[in-house]
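Okay, structure first, notes after.
The values are calculated or read from the model by the stated rules, or taken from the named source; none is laboratory data. Everything numeric in this text was worked out from a predicted model, so none of it was measured. FYI the Cβ positions are ideal-geometry reconstructions off the backbone, even for glycines, and counts take in every protein chain you see.
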Amino acid sequence: MYNPECEDLNKEYFPSHNTVRFQDHQEPNVAVLDNFMKITRQHREALFNQGIQVDQRRYGPDRQVVDIFYSLKNSTQAAPLMVFVHGGYWQMLDKNNSCSIVGPYVRRGYRVAVMDYNLCPNVTLGHLMEQFRDFIAWIFDYAEHCQSQGISFAGHSAGAHLLAEVLKSPGIITLARARMVSSIIFISGIYDLREIWNLESVNPKNILGITHAQAEALSPILWEYNDVDFWTFTGMHVIVAEHESVTFIEQSRRFAESLRHQGFKTNFKIFKKYDHFDIIEETSDDKSEISQFLRSIDE
Ligand SMILES: N[C@@H](CC(=O)c1ccccc1NC=O)C(=O)O
């Protein structure tokens with residue numbers, strides 16, 4: 001249990017119920033989510049008015065596609081690559097809601113990959129994580145083909161959970177590949193599935209298709225990582241917003257502790273004033289706290 005004083009586990013695991021914005025709305029939780037959907041779509045549209053190009057690639061059947069954003073003006077094929085993995089409890093959202101981070105990185109000369117993945121219940125969470133490994137293999141092949149100057153990964157919420165796979169993919173990650181990765185940014189993630197696998201609000205009618213044993217096996221906070229020495233030069237950044245539930249903040253803190261304890265170079269930070277949603281929305285704004293932080297990682 002991450003919040004010993006918790007009265008309602010559903011609220012702990014429903015980020016929209018922990019916002020302090022939209023308090024003049026009848027249902028702030030609905031308003032914050034509607035706003036997130038609207039704003040993040042606008043962020044994608046705005047990219048095309050700034051002369052940013054996109055190539056669509058496929059890493060598998062169905063929804064397994066990646067958009068690669070770049071600017072013809074200020075990036076070559078060998079530009080550093082930022083890869084973003086969206087959240088939505090493995091059952092909602094897509095790449096079109098997930099482009100807020102693109103503009104600032106492209107303006108700094110990066111290519112940015114924003115991916116879609118198959119959602120539950122079309123796949124089980126176990127199957128989704130296998131397919132995510134296919135994506136990891138694909139994106140490293142792509143980066144090698146482009147001779148990318150480096151790769152960074154960022155994942156939000158359930159996307160941060162998926163990202164932990166990068167650290168645990170023997171056979172895909174070689175020493176040379178790990179050395180290409182400058183940073184992995186875990187944003188407001190969920191790393192322990194033991195409390196949610198049978199929580200009706202998060203996993204209604206078990207649409208994730210997991211058993212208790214799988215919930216444990218699919219929890220990065222419980223993993224023992226091999227090849228930690230591959231990652232000596234990679235910074236792990238576990239960050240979380242202030243206006244999240246105690247459970248979300250504690251999951252991030254303990255995940256960071258687990259990574260650090262196992263030998264990864266790990267930074268943990270709570271972002272004041274943000275909630276689960278504007279911590280992503282504001283990545284579109286070069287001047288925001290979160291964008292300044294993301295820039296500081298590269299310096
Ligand atoms: N139904 C959830 C939505 C949610 O969890 C969520 C929404 C957008 C991005 C990430 C989310 N959560 C975890 O992946 C809520 O109301 O908080």
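Per-residue answers, yes or no, for (1) loosely packed, with under 12 Cβ neighbours inside 10 Å; (2) in contact with a helix residue (DSSP H, G or I) (Cβ under 6 Å, 6 or more places away or on another chain); (3) small (G, A, S):
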position: N3; (1), (2), (3): no, yes, no
position: E12; (1), (2), (3): no, yes, no
position: N18; (1), (2), (3): no, no, no
position: Q42; (1), (2), (3): no, no, no
position: G60; (1), (2), (3): no, yes, yes
Tally up the residues in the stretch 206-216 that are farther than 15 Å from G88 by Cα and in contact (Cβ under 8 Å) with a residue 24 or more places away in the chain, please. 3
Is it the case that D34 is within 16 Å of the ligand (Cβ to nearest atom), closer than 21 Å to I101 by Cβ and acidic (D, E)? yes
Hey, any hits in the stretch 90-105 for a residue that's small (G, A, S) and in a loop (DSSP other than H, G, I, E, B)? yes
If we ask which residues in the stretch 83-137 are under 21 Å from E195 (Cα atoms), among the small types (G, A, S) and within 16 Å of the ligand (Cβ to nearest atom), their number turns out to be 2
For the stretch 251-278, what are the residues that are within 16 Å of the ligand (Cβ to nearest atom), out of contact with any Ser or Thr (no Cβ under 6 Å at 6 or more places or on another chain) and not hydroxyl-bearing (S, T, Y)? Q251, F255, F271, F277, D278
Looking only at the stretch 217-235, filter to residues that are in contact (Cβ under 8 Å) with a residue 60 or more places away in the chain and under 25 Å from D298 (Cα atoms); which one of those is surrounded by the most Cβ atoms within 10 Å (Cβ to Cβ)? W231
In the stretch 149-176, what residues are away from the ligand (no atom under 14 Å from the Cβ), among the small types (G, A, S) and in contact with a strand residue (DSSP E or B) (Cβ under 7 Å, 6 or more places away or on another chain)? G150, S152
Scanning the stretch 177-223 residue by residue, those away from the ligand (no atom under 14 Å from the Cβ), touching a strand residue (DSSP E or B) at 6+ places or on another chain (Cβ under 8 Å) and either under 20 Å from H276 (Cα atoms) or at pLDDT below 95 (or both) turn out to be I184, I185
For the stretch 236-275, how many residues meet the condition of being closer than 30 Å to S16 by Cβ and either in a strand (DSSP E or B) or of a type in the set (A, V, I, L, M, F, W, C) (or both)? 24
Every residue in the stretch 211-235 that is outside any helix (DSSP H, G or I) and at negative phi, please. T211, L218, S219, W223, E224, Y225, N226, T232, F233, T234, G235
Go through the stretch 276-299 and count every residue that is small (G, A, S) and assigned to a loop (DSSP other than H, G, I, E, B). 1
Look at R41 and say whether it is basic (K, R), closer than 30 Å to T247 by Cβ, in contact (Cβ under 8 Å) with a residue 24 or more places away in the chain and outside any loop (DSSP other than H, G, I, E, B). yes
